[in-house]
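Student: Got a structure here, written out as structure tokens. Questions coming.
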Amino acid sequence: MQSFDVVVIGAGAAGMMCAAEAGKRGRRVLILDHAAAPGEKIRISGGGRCNFTNLHAAPANFVSANPHFCISALRRYTQRDFIALVERHGIAFHEKTLGQLFCDGPSRQIIDLLLAEMAQVGVELCLPTKVEAVERNADGFALRLAGAAPDSGPVQCRSLVVATGGRSIPKMGATGFGYDLAARFGLAVTETRPALVPLTFDPATLERLKPLAGIAVDAVVGCGKARFAEAMLFTHRGLSGPSILQISSYWREGREIEVAMLPGTDVFALLRAAKAENGRRALHTVLGTVLPKRLAQAVAAAEGAEGNLADLSDKALRRVDAAVNGWRVLPAGSEGYRTAEVTLGGVDTAGLDSRTMEAKAVPGLYFIGEVVDVTGWLGGYNFQWAWSSGWCAGQAA
Ligand code: FDA
């Protein structure tokens, strides 16, 4: 039986960061993954340019049953620490918008960075390897592996780090492995659901809104107290775009979302002024100067206001204002894990030490990255959580 100080299951963002850090401390580390290549989600992230962190990352950008849990890890390993690492590896990057940092070149550079960090300290990477069984014993944990396992035999380790990510994109090998393992060791797992995901409409709403597919607006989208000012896109299934992906982490079935399609513009005042200036213009013509034309026509038609401005009362103009900047719509669901960027919920943070990510009731067992009930907003926050939580576990495992 081969013996390691640390075995990390999952060679994704969090797992590789943890393995490299534990290796730097002189630990003998094995990292394995059932996929044939490491960091597949990093590779496809950020449209192939990896939005690897966010300049403004702070605890407020994360959703969790315990919003305080992420504070310690985000403080101990910050976005500035990861940016310094990226710079040390000579990777060029730029800020796209809202503090989001992307590689100038392909995402592969971030995978290579992590592989180099691991290789430098002798971390053993074993792919593709399946974990068939995990047992706890007096010396830590015994793992039965299948595939390219070291010597194809069982493996013993003092510390076991679970970095198997969430359920999103099952086509890429996402599994519920981490949640099942947590449950087997008596840890609670909060409800999991797709997040950062497009929202869908019921057939009747879809029929009405389908002609708008392809139209994008800079919107403010809200649900409850959450609000996001980013682009919104009408699709042939429902709504997408950054503002919708963001709100999907807060939306629940049966709740409406509220959309302002011309935020910051007093549409009533604008229409009234236009009417005073030249009442012979059609509503959709005037709206079409500030909104995409197809959308302007749809709003006018939906409000039964297809005539000239002169024919529309103030009451009618106020209705149009509400339709543009107070549009309330009830999504039927989401596109699910097939397209979700992340999984909301996961291993309950109440059972984890926020400094080390170690399970309080199972010494030597660690959970890091997306498998934990900490979910970032869209914009590089999820990778920052992977780096921060992975780094913390790497100092302790
Ligand atoms: P990750 O999913 O990266 O790694 C888990 C690893 O565990 C995988 O390699 C998997 O194969 C392995 N595994 C799973 N089950 C296993 C098992 N049973 N046995 C062995 N191995 C197993 N975030 C961000 O901040 N910026 C961005 O630009 C993007 N872009 C983006 C695009 C797309 C299309 C998606 C789907 C997601 C993003 N994200 C993102 C989210 C980001 O990719 C995600 O939050 C992190 O990859 C999570 O890192 P982890 O290491 O926790 O899991």
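Student: Out of all the residues in region 230-243, is one or more away from the ligand (no atom under 16 Å from the Cβ) and assigned to a helix (DSSP H, G or I)?
Tutor: yes
Student: Of everything in region 125-176, what is among the charged types (D, E, K, R), buried (at least 17 other Cβ atoms within 10 Å of the Cβ) and within 15 Å of the ligand (Cβ to nearest atom)? Give them in sequence order. Before you say what the answer is, go through the steps one by one.
Tutor: Step one: filter region 125-176 for residues among the charged types (D, E, K, R), giving 130, 132, 135-136, 139, 144, 151, 158, 167, 171.
Cutting the leftovers down to buried (at least 17 other Cβ atoms within 10 Å of the Cβ) gives us 158, 167.
Result: R167, single match.
Student: Being part of a helix (DSSP H, G or I) and not aliphatic (A, V, I, L, M) is the filter here; which residues of region 344-359 pass it?
Tutor: Filtering region 344-359 for residues part of a helix (DSSP H, G or I) gives 349-351.
Once the filter is applied, which keeps residues that are part of a helix (DSSP H, G or I) and not aliphatic (A, V, I, L, M), region 344-359 yields T349, G351.
Student: I'd like the residue in region 18-35 that is aliphatic (A, V, I, L, M) and within 8 Å of the ligand (Cβ to nearest atom) and, out of all such residues, is surrounded by the fewest Cβ atoms within 10 Å (Cβ to Cβ).
Tutor: Filtering region 18-35 for residues aliphatic (A, V, I, L, M) gives 19-20, 22, 29-32, 35.
Filter once more, so that each one left must be within 8 Å of the ligand (Cβ to nearest atom): 32, 35.
On the way: L32: 28, A35: 18.
Only one residue fits best here, namely A35.
Student: Where the second residue is near the ligand (Cβ under 7 Å from one of its atoms) and not small (G, A, S) and the first is not assigned by TED's automatic domain parsing to the domain that holds F141 and lies in region 361-390, which pairs have Cβ atoms under 7 Å and are six or more apart or on separate chains?
Tutor: Correct list of pairs: empty, since none qualify.
Student: Please report, ordered by residue number, the strands (runs of 3 or more DSSP E) entirely within region 81-176 with at least 3 residues that are within 27 Å of P194 (Cα to Cα) and touching a residue at least 40 places away in the same chain (Cβ under 8 Å).
Tutor: Details: elements: 93-95, 100-103, 124-126, 129-137, 140-147, 155-162.
Correct list: 100-103, 129-137, 155-162.
Student: Here are L181, L206: which of them is in a helix (DSSP H, G or I) and away from the ligand (no atom under 15 Å from the Cβ)?
Tutor: Working: L181 fails: away from the ligand (no atom under 15 Å from the Cβ).
Of the residues listed, the single one that is in a helix (DSSP H, G or I) and away from the ligand (no atom under 15 Å from the Cβ) is L206.
Student: Quick check on region 152-165. Is at least one of its residues touching a Ser or Thr at 6+ places or on another chain (Cβ under 7 Å) and modelled with pLDDT under 95?
Tutor: Looking through region 152-165, none of the residues is touching a Ser or Thr at 6+ places or on another chain (Cβ under 7 Å) and modelled with pLDDT under 95.
Student: In region 320-338, how many residues are surrounded by fewer than 17 Cβ atoms within 10 Å (Cβ to Cβ) and of a type outside the set (A, V, I, L, M, F, W, C)?
Tutor: Just the residues of region 320-338 that are surrounded by fewer than 17 Cβ atoms within 10 Å (Cβ to Cβ), to begin with: 322, 326, 328-330, 332-333, 336, 338.
Now drop any that are not of a type outside the set (A, V, I, L, M, F, W, C), which leaves 326, 328, 333, 336, 338.
Result for region 320-338: 5.
Student: Here's a follow-up. Taking region 78-107, which residues are more than 21 Å from E230 (Cβ to Cβ), exposed (fewer than 15 other Cβ atoms within 10 Å of the Cβ) and within 15 Å of the ligand (Cβ to nearest atom)?
Tutor: Within region 78-107, D104, G105, P106 qualify.
Student: Taking region 285-313 on its own, how many of its residues are in contact (Cβ under 8 Å) with a residue 60 or more places away in the chain and not in a helix (DSSP H, G or I)?
Tutor: Residues that pass the stated criteria total 2.
Student: I42 is checked against (1) touching a residue at least 60 places away in the same chain (Cβ under 8 Å); (2) on the phi < 0 side of the Ramachandran plot; (3) within 13 Å of the ligand (Cβ to nearest atom); (4) surrounded by fewer than 22 Cβ atoms within 10 Å (Cβ to Cβ) and fails just one. What number does that condition carry?
Tutor: Of everything listed in (1) touching a residue at least 60 places away in the same chain (Cβ under 8 Å); (2) on the phi < 0 side of the Ramachandran plot; (3) within 13 Å of the ligand (Cβ to nearest atom); (4) surrounded by fewer than 22 Cβ atoms within 10 Å (Cβ to Cβ), I42 misses just condition (4).
The values are calculated or read from the model by the stated rules, or taken from the named source; none is laboratory data. Just so it is clear, the structure is predicted and the values come from calculations on it, not from any experiment. Neighbour counts run over all protein chains shown; Cβ positions are idealised from the backbone, glycine included.
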